[in-house]
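**Q** Here it is, the structure, as structure tokens.
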Amino acid sequence: MTISAPADSRTGTRVYADYGRPFWMRLLLTREMAVIVALILVIVIASLEVRRFGTTTTLGFLLLDVAPILMIALPMTLVIMMGEIDLSVASTLGLSSVLLGILTQAGWPVPVAIVACLVMGLVAGLINGLLVTVVGLPSLAVTIGTLALYRGIAVGLLGTTAVTSFPAFWTGLAQSKFGSTGIPVAMVLVVALIVVFVALLHFTPFGRGIVAIGFSTETAHFSGVHVNRTKVVAFMLTGLIAALAGIYWTFRYGSARGDNAMGLELSVIAAVLLGGVSIFGGKGAIHGVIAGVLLIGVLQSALRLANVSSDVINIITGALLILSVLSPRFLSWFRSLRFRRATPEKQKQ
Amino acid sequence: MRTFLRSRETGILAALVIVVLITTIKNPSFLFSQDGFRDLLLTPSILVLVAVGQAIVIITRSVDLSVGSVVGLTAYLTGRLFIDVPGIPIIVVFAAGMALGAALGLLNGALVAFGKVPALVITLGTLYAYRGINVLWAGSNRVNASDLPKDFLALGTSALLFVPYLTIIALIVVLVAGWYLRNQRGGRELYAIGSDPDAAQLYGLGVTRRILVAFLLCGALAGLAGVLFAARYGTTNSQTGTGLELQAVGAAVIGGVAIFGGSGTVYGAAIGAVLLLTINRALPILGIPDFWQQAVVGTLIIGAIVLDRVLSLRLSRQLISEREVSA
């Protein structure tokens, strides 16, 4: 019986292959760089080939459209890097939107209503986090439950009606752009969030704890990481940002509905996984995720402008996701093949 | 008798009986009118099929999120076959639908088994891809009841001695799948793989082959559900079956199929599916707008998994204390 080389890309073969290469080359070989290169390629090709793609109008709509996915993808990265998952984000977004609509209709000042929505988001995330940690349930099952629960409350509160009257100042803020650049004002918020989450994941003990939990929960626990506390905080962040995205969504479309952003959770998770975050946890980076979100957004917008029916886009998104998770497997298989051929004597021993 | 009272399915069955009882007391026609009784059996039948397939996959510690898209594709295939091939025998349409479902399931299984990537990611991808193919194929066309043969539509709505055909089909599938999982070597191996994939591999079980079979069965059942969907509702378009995957996973989880594999039965999943859809129909009668259905479902799912956790903790404690006594 022959024992094949371990397929995991973290194991020996990969380490030897990387050893001795200069830093810039190692950087270029990372998963995140592959996504970024793909993103740049798509942008260049689309600007050259697709009419009206390289305009500020396109840029504006593109950024307005990807903003909610981009926002939620940031905390989702933390959750997935811990080896957990949160399917309830789109429902939290919808609930936040409904709450905002009901409260403003009841005459609450908008800033107070916004704070109430954010608190609701924190509570929604807290419930997820406590069920996962204290009760010890798998997050996939928990968040399928809260996906239905939060969406159910949202739809139950408003039914099929919608709240559409919001102060012009707030809807304007969510839709307006910086002069003729086409860049939406809301991107300030998104960029601020990106900075916060990059700092949080890559430069704080909290972030290192998340990576450690993703590698091995037990090792992290014995190394002094407060596993449960870290998990609860990550889920609360996800709830908070989902609620924030709900507020943005409501003002952007000027409409609070129970079924807002239905199914968005799958787009967010697809983008995060495309960006190189491992579903097993422990591996990933924010810049990859941002590139992943933008790659899907740019591709979809370019294909739509090129009059490719919006149907092909689904196929491409799905295929892209599958390819992206299978590619490391192909690569490691290819590497192990080359490794074996290069050192036949060692293999015989 | 004691094993019956103790089994996980009993609790969920009791919940179902209570829901039906209360609703019937409130409005007797819920159960005692001919339509009421028929709908009670007919409405959940399609979800039961999908939930049984889903349960088989979840037992092996995987999950298949693409079932909603598979149902949509086969439902549209059913309509197209009747339109494009006039006079095609109904049995051939059933075979074609299940074959397409099985092929799509096999593709999922192959990607999961050979790619060594979690099924969640793979089937999330195929969820998009299959739906995309469906939209590409159907476009804005829809198949209407007038395009389908009378016999076929009758299959979806009529009954044999008050029991709808759909329910009979679903029941047969549940019983056969339940028997296979409980009594056959292949079925037991699915549980073994779900409990501990590495141990199953070391023990020499054909893990890859079993996972392929599980996904194939799940796809074939989703295909059957798609054909029956066309028969039941008469109309299908590119969006048929959207969101069904979460209902199916929810039904399995409510029915006591542990999401981490290795435990649960297809009977539980089937009862879970019936409970989900019965609650949906009971709510308006109980004076609650059916907008609240999802909230009830969510609470149920969470309640079921919490209960599952409590029971399994108690069981493991019991086993430990028994071991200490005997030693």
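The values are calculated or read from the model by the stated rules, or taken from the named source; none is laboratory data. All values derive from a computational prediction rather than experimental measurement. As a convention, Cβ positions derive from the backbone with ideal geometry for all residues, glycine included, and neighbour counts pool all protein chains shown. What goes into the accessible areas is simple: the full protein's heavy atoms, side chains included, and nothing from ligands, DNA or RNA. Shrake-Rupley method; radii C 1.70, N 1.55, O 1.52, S 1.80 Å.
**Q** Kindly check whether there is at least one residue in segment A:259-274 that is in a loop (DSSP other than H, G, I, E, B), touching a strand residue (DSSP E or B) at 6+ places or on another chain (Cβ under 9 Å) and of a type outside the set (D, E, K, R). Don't jump to the end; show me each part of the working.
**A** Filtering segment A:259-274 for residues in a loop (DSSP other than H, G, I, E, B) gives A:259-263.
Now narrow it down to the ones that are touching a strand residue (DSSP E or B) at 6+ places or on another chain (Cβ under 9 Å): none.
No, because not a single residue in segment A:259-274 is in a loop (DSSP other than H, G, I, E, B), touching a strand residue (DSSP E or B) at 6+ places or on another chain (Cβ under 9 Å) and of a type outside the set (D, E, K, R).
**Q** Something else: Can you tell me which residue within segment B:25-47, out of those that are open to solvent by less than 10 Å² (accessible area, probe 1.4 Å) and under 11 Å from the mean Cα position of the chain (by Cα), is nearest to B:Ile211 (Cα to Cα)?
**A** Among those residues, the one meeting the criterion is B:Leu47.
**Q** Among the residues of segment B:225-234, which ones are within 17 Å of B:Arg131 (Cα to Cα) and either open to solvent by 10 Å² or more (accessible area, probe 1.4 Å) or among the polar types (S, T, N, Q) (or both)?
**A** If the condition is that a residue be within 17 Å of B:Arg131 (Cα to Cα) and either open to solvent by 10 Å² or more (accessible area, probe 1.4 Å) or among the polar types (S, T, N, Q) (or both), then B:Phe229 is the only one that fits.
**Q** Find the residue count for segment A:282-300, including only residues that are modelled with pLDDT under 85 and buried (at least 20 other Cβ atoms within 10 Å of the Cβ).
**A** 1
**Q** Which condition breaks for A:Met262 when tested against (1) closer than 16 Å to A:Arg151 by Cα; (2) crowded, with 24+ Cβ neighbours inside 10 Å; (3) within 11 Å of chain B (Cβ to nearest Cβ)?
**A** Here A:Met262 meets the rest and fails (2).
**Q** For segment A:301-311, give me the residue count where each residue is assigned to a helix (DSSP H, G or I), open to solvent by 40 Å² or more (accessible area, probe 1.4 Å) and free of Cβ contacts under 8 Å to residues at least 24 places away in the same chain.
**A** 2
**Q** In segment B:20-38, what count of residues is obtained for those that are modelled with pLDDT of 80 or more and part of a helix (DSSP H, G or I)? Reasoning before the result, please.
**A** Within segment B:20-38, the subset modelled with pLDDT of 80 or more is B:20-28.
The next check asks that each one be part of a helix (DSSP H, G or I); those that pass are B:20-26.
Selection size over segment B:20-38: 7.
**Q** Got a sec? Which of B:Ala55, B:Ala95 is free of Cβ contacts under 8 Å to residues at least 24 places away in the same chain, within 19 Å of B:Ile172 (Cα to Cα) and of a type outside the set (Val, Ile, Thr)?
**A** Checking each option against the conditions leaves just B:Ala95.
**Q** What helices (runs of 4 or more DSSP H), lying completely within segment B:108-218, carry at least 3 residues that are more than 14 Å from chain A (Cβ to nearest Cβ), open to solvent by 10 Å² or more (accessible area, probe 1.4 Å) and farther than 24 Å from B:Val274 by Cα? Steps first, please.
**A** Working: elements: B:119-138, B:150-157, B:165-183, B:185-195, B:197-203.
Correct list: B:185-195.
**Q** Would you be able to tell me the number of residues in segment B:10-24 that are open to solvent by 30 Å² or more (accessible area, probe 1.4 Å), without any contact (Cβ under 8 Å) to a residue 60 or more places away in the chain and over 17 Å from B:Ile288 (Cα atoms)?
**A** Total meeting the criteria: 2.
**Q** Here are A:Val142, A:Val155: which of them is at the interface with another protein chain (Cβ under 8 Å from one of its Cβ atoms), farther than 17 Å from A:Met236 by Cα and assigned to a helix (DSSP H, G or I)? Outline the logic, then answer.
**A** Details: A:Val142 fails: farther than 17 Å from A:Met236 by Cα.
After ruling out the rest, the residue left standing is A:Val155.
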